[in-house]
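The values are calculated or read from the model by the stated rules, or taken from the named source; none is laboratory data. Note that the structure is a prediction, hence the values are computed from the model and not measured. Cβ sites come from the backbone with ideal geometry, for glycine too, and all protein chains shown count toward neighbours. These area figures cover heavy atoms from the full protein model, side chains too; ligands, DNA and RNA do not enter into them. Shrake-Rupley method; radii C 1.70, N 1.55, O 1.52, S 1.80 Å.
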2 protein chains.
Amino acid sequence: MAQLPTVEDVARLAGVSRQTVSNVINTPEIVRPETRERVETAVRELGYRPHASARRLRTRTSSTIGIRLDPLPRGISGAIQDRFLHALTEHAAERGFRVTLFTARDPQHEIEQYRSLRDGADVDAFVLTSTVSDDPRIEWLARERIPFVSFGRPWGAMGAHDVGDPERLWVDVDGRAGTALATQHLIGRGLRRIGFLGWPEGSGTGDDRRAGWGDAMRAGFPGIADAELAELSFETVEAVAAARVAVERHLADGLELEALVCVSDSVALGAMMAVREAGRPHFPVMGFDNTPVAQAVGLSSVDQRLDEVATSVLDLLLGATGRRVLPHGSGADPLGHRLVTPSLSCAGRVTWRPSRKPTAPRPAITSEKRKSNEQEDVDRRHRARRGRRCRAHRMFRWRRRK
Amino acid sequence: MAQLPTVEDVARLAGVSRQTVSNVINTPEIVRPETRERVETAVRELGYRPHASARRLRTRTSSTIGIRLDPLPRGISGAIQDRFLHALTEHAAERGFRVTLFTARDPQHEIEQYRSLRDGADVDAFVLTSTVSDDPRIEWLARERIPFVSFGRPWGAMGAHDVGDPERLWVDVDGRAGTALATQHLIGRGLRRIGFLGWPEGSGTGDDRRAGWGDAMRAGFPGIADAELAELSFETVEAVAAARVAVERHLADGLELEALVCVSDSVALGAMMAVREAGRPHFPVMGFDNTPVAQAVGLSSVDQRLDEVATSVLDLLLGATGRRVLPHGSGADPLGHRLVTPSLSCAGRVTWRPSRKPTAPRPAITSEKRKSNEQEDVDRRHRARRGRRCRAHRMFRWRRRK
DNA sequence: ACCCACAATTTGATCGATCAAACCCCGATT
DNA sequence: AATCGGGGTTTGATCGATCAAATTGTGGGT
């Protein structure tokens, strides 16, 4: 097999020097157009492709992003990581980046991997998922000044003040807007007794999603009593069976409900089983995550728009157009984060999608100041959605045959 | 920030030469033990880690495996790729390998990616998934003599004679044994009218799974009429709704059934919905893939044992113990493939697991010669399983409350 | 005492690219 | 006319490791 062509070969064929070839590839704008063309033809002719490892050795960059595969026993929502990975890989490729994977038993082991990957110039940056408050990994990466973005905002006591720090790069899905969207959809269908089935209080994500339901309820029914809202909201752990039992119990206890917004698809699936069983085949249930299961059983769900998340992650790492990872703490992005507004997917089809313009940052649930702003936002969206009812619930066929 | 230590630094500290350090790391057995220890201490002291890119440049290997993320709209079984990826990454790490991802719009684009990844010494080998018969990718990789293993045996006309070729490396799950296992389980519970709900004839995988059900039925009920088997087997496309309709129709048509073995979890989920709705809450349904959904709704399912698949892939690529990719067509493995026997998972818990010893190769469905062997196999397993009934169906609670 | 075989280690060259600095050429400046 | 400046290009050095060949050391055989 013939040797692969190198810059040297291209240079010889084009009658220029190594460096000029290199320039044509990396900074074409500084090469005289006619020389450039000559080199480009030579490249094509020989089928030259730069040797990635040689380049990395010299430049100490790899155009590669590392991401750890989540080791947790993933349930029904497991496909999320998969979808995100896909979106990230695809958009990374568009910008000349690749994604490499690794696994880790525990945070300490994970940090070792970071070190090893960085030292070998194997990756330029990391993407962190399933971060927890005061995550040791974040501490370490920040201290070492290794570029990274986390998918998931810094919740929790210490994280709370990091949310605004433009040096802490993160992307998250605006769960609050998502559940608000789902709730508005139900309100638009003329329902009033819309419940929320969430996780036990204390999880940032869960509380955020509950808040979105509250936003929409208050917006849709001005003056609704806090007591009524409290009555309509109840909780369960993240498991189909548990959710099912919770709904069964509340229905048995005489809770009047017309529809249910759920904190996740697992919970929604359990809820759906319970209401069907209670003889209410058309009772609308909304899930969250738009997992394959939801699509399969025809559950409406909030879609996280992981495509958008992936591009946002790259924007933060590389800048809007760049093809090189920005140094850690460069402050290149004025915000340092992106909050992606989810869309609503009815029985697997997207019915509503937010506009393309950059989403306004939304404060964490702990801060209450921008409330009025948000309310307006909700109202505007509510109006915008008119006339696009989704047929999910009519299409649903889980009912008992007569 | 201090420069990272290099071989040079370690050598100086240990009072030896570069090359000796290199030898300690790569071929420790040729270094005198006391020298080796001295170097090892120096390595620890400096926290030295070889620079991956430099090594790659020199050796033209990367200790990296490339895999394409499946672009197909994955349904309920989507998590399989995810789980496989996880297993592969984890076991690859144990052997000092990493996994990098890429995506591709079409086979042509995918081949371009192969070229680019190989030419840049970015990957040493590829793992192919969702292969089709006469896959152009396989042709190309083989022609270029790039090492690869496919997950999924070469089905189809042309593939059929590749199955035995030890130069074509592949790993697959023995679907036939899997459905046989599920069927035996039901037979063991004293059921007889056990149906099979499969995909339309013609898909290698689907036909194989159907055959496993046939094997077990014939073994369990010697002399069962072919007509009865034909009656018990029917088909549907891979979708929850379609499966549901198919089962509803057959039940309405008066098909007598006591249990159902299904070709996939999606299909099983549909079937389960249909039988529950028909008022038979304890009707056992067996799925295939052991997806999160199956676990969530308490469906028993055949588990593909992707861990085993991943280690098998690596065995084929690297040899039983090696840490370097074997050249394409080295014939290092006498078989050139592995057929992994799945296990049975009842309501999310594994009840039966095959012995650890290497699985005997199983012929593709097109060849019929080893039949008697297989029959024995089935019988032996059948006996081995005695006394380990799984409680899945008793635990199942999808029934209507009285 | 000499030579040889062999194990252990060292030395010089190399992988393919980019960086930093030097170079060349030509028009504008003084 | 000599100098300057700068765009465009070339040259030499370098990144950090491994390969291939050379070197040193050690003991055995004759």
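Accessible surface computed residue by residue for region B:1-153, with neighbouring protein chains in place and a 1.4 Å probe, gives 47 Å² per residue.
Note that region A:261-277 has calculated 3J(HN,Hα) couplings of 9, 10, 6, 7, 5, 4, 4, 5, 4, x, 4, 4, 4, 5, 6, 4, 5 Hz, one per residue in order, obtained from phi through the Karplus relation 6.51 cos²θ - 1.76 cosθ + 1.60 (θ = phi - 60°); glycine and proline are x. Amide H contacts of B:Ser233: B:Phe196, each under 5 Å away and 5 or more positions distant or on a separate chain (H built 1.01 Å from N in the peptide plane; Pro and chain starts excluded). Here each label is just a point 7 Å from Cα along the line to Cβ, and for A:Ala242 and A:Arg192 those points are 3.4 nm apart. Label-point distances for A:Pro200 to the equivalent site in the other copies, using a point 7 angstrom along Cα→C-beta, read 5.1 nm when ranked shortest first.
The calculated FRET efficiency for B:Arg280 paired with A:Asp106, based on their beta-carbon distance and R0 = 45 Å, is about 0.45. For region B:189-261, the set of trypsin sites (Lys or Arg not before Pro) satisfying both a DSSP loop assignment and a count of at most 15 other C-beta atoms within 10 Å is given as B:Arg189, B:Arg192, B:Arg193. For region A:1-68, trypsin sites (Lys or Arg not before Pro) are listed when DSSP marks them as loop and at most 15 other Cβ atoms sit within 10 Å of their Cβ; the list is A:Arg60. Segment A:Glu201..A:Thr59, full-extension length gain: 46.3 nm, with 0.36 nm per residue of separation and the alpha-carbon distance subtracted.
Of the GluC sites (Glu not before Pro) found in region B:185-260, those that fall in a DSSP loop while having at most 11 other beta-carbon atoms within 10 Å are B:Glu201, B:Glu256.
Given an 8 Å cut-off on Cα distances and at least 6 residues of separation, report the relative contact order of region B:214-326 as a percent. Rounded, it is 17 percent for region B:214-326. A cut-off of 5 Å between modelled amide H atoms, ignoring neighbours fewer than 5 places along the same chain, links A:Leu344 with A:Asp303, A:Thr351, A:Trp352. For A:Thr59, the distances from its label point to the matching points in the remaining copies are 2.4 nm, ordered from shortest, with each point set 7 Å beyond Cα toward Cβ.
Less than 5 angstrom separates the built amide H of B:Leu128 from those of B:Val149, B:Ser150, B:Phe151, all sequence-distant by 5 or more or on a different chain. Taking both sides together, the accessible area buried where A meets B is about 5200 Å² for a 1.4 Å probe.
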